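Notes for the one structure printed next.
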Amino acid sequence: MLTIGTLLLFFGGLGAIAATTPMGEGALITQATLVQMGWSISIFTVIAFIGAALIIRNR
């Protein structure tokens, strides 16, 4: 479970960063894009927290 937790934590962190890529590239950000980014960041944050919980559970 420690390996799965580490992978989930890593995947969640990178996914949350990747969800904000259009903001860093200077793209035209509409309201729909912001909503989609918000949902993506929320989902990836939950995945990262689940991974962190699995890591802490094994310590």
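Points worth noting:
- Any helices (runs of 4 or more DSSP H) falling wholly within the chain and containing at least 3 residues that are small (G, A, S) and touching a helix residue (DSSP H, G or I) at 6+ places or on another chain (Cβ under 9 Å): 2-19, 31-57
- If the condition is being open to solvent by less than 70 Å² (accessible area, probe 1.4 Å), hydrophobic (A, V, I, L, M, F, W, C), within 30 Å of I4 (Cβ to Cβ) and without any contact (Cβ under 8 Å) to a residue 40 or more places away in the chain, then the stretch 17-50 contributes A18, A19, M37, I41, F44, I47.
The values are calculated or read from the model by the stated rules, or taken from the named source; none is laboratory data. Since we're looking at a predicted model, the values are computed, not measured. Please note: Cβ atoms are built from the backbone with ideal geometry, for glycine as well, and neighbour counts cover all protein chains shown. For the accessible areas, the whole protein counts, side chains as well, though only heavy atoms, and no ligand, DNA or RNA atoms are used. Shrake-Rupley method; radii C 1.70, N 1.55, O 1.52, S 1.80 Å.
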